[in-house]
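Down below is the structure, laid out as structure tokens.
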Amino acid sequence: MRRNVITREGFTLIEIMVVVVILGILATMIMPKIMGRPDEARHVKCTLDIKAIETGLNLYKIDNGLYPSTEQGLTALILKPATGQIPRKWRDEGYLPKIPDDPWGGEYLYLSPGAHGDYDLYSLGADGEEGGDGKYADINSWEIN
């Protein structure tokens, strides 16, 4: 006689519970470290945005010999300016795909000529007001390394 042996493959309830407990322990150790740094993450994003916008501004200057005026603003990196000194060699595709909002939902501010160089590019930070300390500090292009 031939015996049909039924074998069951898979995990037992105890094995599944052990995995769940291990994942729970890891989550309690890791999640506070990740979740506790939203302010730092916003600051880093703002710094990277400013550097990307600066790259677009520098390309604009290389092509046209000057930075966009304050009146033209950062929009000049996306759309060809129709006011002020019209750039002669403006790229058809622009210099940036879009101008991002800062991580706190505000706009990046741009002045040309600036008080700290050819232009000033900055975010008012978490409080949306000039000045501030710590997580409420402004993030400025002239202070980024």
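FRET efficiency for the pair MET29 and HIS116, taken as 1/(1 + (r/R0)^6) with r the Cβ-Cβ distance and R0 = 41 Å, rounds to 0.45.
At R0 = 22 Å, how high is the FRET efficiency between ASP92 and LEU48 if r is their beta carbon distance? Nearest 0.05 is fine. Write out the running numbers ahead of the final one.
Details: r = 26 Å, r/R0 = 1.19.
Once rounded, the FRET efficiency stands at 0.25.
The peptide list 41-50, 21-30, put in order of mean Cβ contacts within 10 Å with the highest first, becomes 41-50, 21-30. For THR70, the amide hydrogen comes within under 5 Å of the amide hydrogens of SER112, counting only partners 5 or more places away or on other chains and with H modelled in the peptide plane.
Please determine, in degrees from 0 to 90 and to the nearest 10, the orientation of helix 13-35 with respect to the longest principal axis defined by the Cα atoms of the chain, where the helix direction is its Cα long axis. For helix 13-35, the angle is close to 20 degrees.
The relative contact order of the range 38-143, computed from alpha carbon pairs under 8 Å that lie at least 6 residues apart in sequence, is 23 percent.
Placing R0 at 41 angstrom, the Cβ-Cβ distance between THR55 and VAL19 gives a FRET efficiency of 0.35 after rounding to 0.05.
Of all aspartates and glutamates in the structure, the ones whose alpha carbon falls short of 18 Å from that of LYS89, not counting any fewer than 8 places away in one chain, are ASP63.
Would you list, by chain and number, the lysines whose Cα falls below 23 Å from the Cα of LYS135, excluding same-chain residues fewer than 8 positions away? Cα-Cα hits under 23 Å: LYS33, LYS45, LYS51. The charge dipole of the chain, taken about its Cα centre with unit charges on the Cβ atoms of Lys, Arg (+1), Asp and Glu (-1) only, comes to about 1180 debye. Helix 38-64 versus the longest principal axis of the chain: what is the Cα-based angle in degrees, 0 to 90, to the nearest 10? The answer is roughly 40 degrees.
About its Cα centre, the range 28-111 has a charge dipole of approximately 200 debye under the convention of +1 per Lys or Arg Cβ and -1 per Asp or Glu Cβ, with nothing else charged. Given (1) 1.81; (2) 1.04; (3) 0.97 as candidate values of Cα Rg over 2.2 N^0.38 Å, which corresponds to the one derived from the coordinates? Computed from these coordinates, Cα Rg over 2.2 N^0.38 Å corresponds to label (1). Considering only LEU23, PRO103, GLY134, the residue lying farthest towards the positive end of the dipole of the chain is LEU23, judged by Cα position with unit charges set on Cβ.
Taken together, the values in this text are just the output of simple stated rules run on the coordinates, not laboratory data. What you are looking at is a predicted structure, and each value in this text was computed from that prediction instead of being measured. As a convention, Cβ positions derive from the backbone with ideal geometry for all residues, glycine included, and neighbour counts pool all protein chains shown.
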